[in-house]
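Since the structure comes first, as structure tokens, the remarks are kept for the end.
The values are calculated or read from the model by the stated rules, or taken from the named source; none is laboratory data. Remember, predicted model here, so these are calculated numbers, not experimental data. We place every Cβ from the backbone using ideal geometry, glycine too, and count neighbours over all the protein chains shown. Please note that ligands, DNA and RNA were not included when accessible areas were found on the heavy atoms of the full protein model with its side chains. Shrake-Rupley method; radii C 1.70, N 1.55, O 1.52, S 1.80 Å.
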Amino acid sequence: MSQTTGKPILEVEDLRTYFYTRDGVVRSVDGVSFSVSEGETLAIVGESGCGKSVTSLSILRLIASPPGKIVSGSIRFHGKDLLDFSDAEMRDIRGDKISMIFQEPMTSLNPVLTIGRQIGEVLELHRHCTKEEARIRILELLKMVNIPEPESRIDEYPHQLSGGMRQRIMIAMALACDPEILIADEPTTALDVTIQAQILNLMRELRDRTRAAIILITHDLGVVAEMAQRVVVMYAGRKVEEANVFDLFEKPMHPYTLGLLNSMPRLDDAASKRLVEIPGMVPSMRTEIVGCAFAPRCSSATERCSQESPILQDHGNKHWVACWNPVRHGAST
């Protein structure tokens, strides 16, 4: 496992990103805070619609405005708030110091440009390489991400590649300028198990080789267990739990986290147990949520939960939980 320096290179504090629609204000990210250090992998997990991807897009200031807007908070990169940067300054950051692997490569890659041309644009923009220098670097990157026959692949188009190879191209593009932070938004979605394992192994190797920090956005707890060192659990736009990966899986303290773990298939002694579903639905974020957002779905909820929003509290070993009635003595998952 990669060793971290301990000093955060990115600190997100009380981030709030809202979308102003005809149906009301959607509070997609509602007061989220976390940090990530060099060489560390931080996973952000939760159900679809909990605000994971919006959080990652907010870091790079890629929220479409209108209707979206980062209404408050700070995103400090090496101590400097990215929210104070001009558009030109952010263009210098994106793809260079902070890169992102988007969720679906086929919609992120330009279908009318060759693979080499698309990776080369990043190098020409940020490293001011000549076309000859860029081509040499592109071939190095394609070999790094284990693309077979890179000399021929460099002149091919996205539709000529498989899903796994397109994902590797996205990783190569994200790593072209040796970023300090790599944001991976569901990097293995829609890939079969074999290709998923290859992509995860590749990301782990590259993290250890380049010392880049990784922010892994996913709903797959199996990927989290394999890749992450720390985990942030989000629900309805809020952070409900944060812990190192071992504590989170061994002793989940928020009822929502416990529900996520109990809904996972197991291959050990618990394999014969029936999977437990989380009842109810994720609340609409178009209206302001009073109290705990998870209260209507929680069997441990009390009257206080529906009236007062829980605050994050450290329960030891930097295990933070926002719950008035946290799970005690761990849990069997």
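Once both labels are positioned 7 Å from their Cα atoms along Cα-to-Cβ, the gap between residue 64 and residue 189 label points is 1.5 nm.
Per-residue Karplus couplings for segment 241-258, computed as 6.51 cos²θ - 1.76 cosθ + 1.60 with θ equal to phi - 60°, are listed in order as 7, 8, 6, 5, 4, 5, 5, 5, 6, 7, 9, x, 10, 8, x, 5, 4, 4 Hz, Gly and Pro entered as x.
The average projected area of the chain, computed from the convex hull of its Cα atoms over all directions, is 18.1 nm². With θ taken as phi - 60° and the Karplus curve 6.51 cos²θ - 1.76 cosθ + 1.60 applied, the whole-hertz 3J(HN,Hα) list for segment 215-220 is 9, 9, 9, 7, 10, 8 Hz, x standing for glycine and proline. Take segment 1-152 with all the other protein chains still there, run a 1.4 Å probe, and you get 50 Å² of accessible area per residue. For segment 113-176, the calculated P(r) over all alpha carbon pairs, in 5 Å bins from 0 to the bin holding the longest distance, is 4, 21, 35, 26, 11, 3, 0 percent. For residue 220, the amide hydrogen comes within under 5 Å of no other amide hydrogen, counting only partners 5 or more places away or on other chains and with H modelled in the peptide plane.
Within the same chain, aspartates and glutamates fewer than 8 places from residue 69 are excluded, and of the rest, those with a Cα less than 13 Å from its Cα are 30.
In this structure, the residue pairs whose Cα-Cα separation is over 29 Å, taken from 80/239; 7/52; 80/143, are 80/143.
For the chain, the share of DSSP beta bridges that are antiparallel, to the nearest 5, is 60%. Label-to-label distance for residue 151 and residue 299 is 6.3 nm, based on points extended 7 Å past Cα in the beta-carbon direction.
For the chain, which whole-number percentage of the solvent-accessible area (1.4 Å probe, protein heavy atoms only) is attributable to carbon and sulfur atoms? Solvent-exposed carbon and sulfur of the chain make up 51 percent of the total.
Please say if segment 124-229 is rounded, prolate or oblate, where rounded means a/c under 1.5 for a ≥ b ≥ c the square roots of the C-alpha gyration tensor eigenvalues, and otherwise the choice is prolate for a/b larger than b/c and oblate otherwise? Oblate. Rolling a 1.4 Å probe across the protein heavy atoms gives segment 179-333 an accessible surface of 50 Å² per residue. Label separation (residue 246 vs residue 288): 4.3 nm, computed from points 7 Å beyond Cα along the C-beta direction.
Look at where the Cα atoms of segment 62-110 and of segment 136-187 average out, and the two centres are 21 Å apart.
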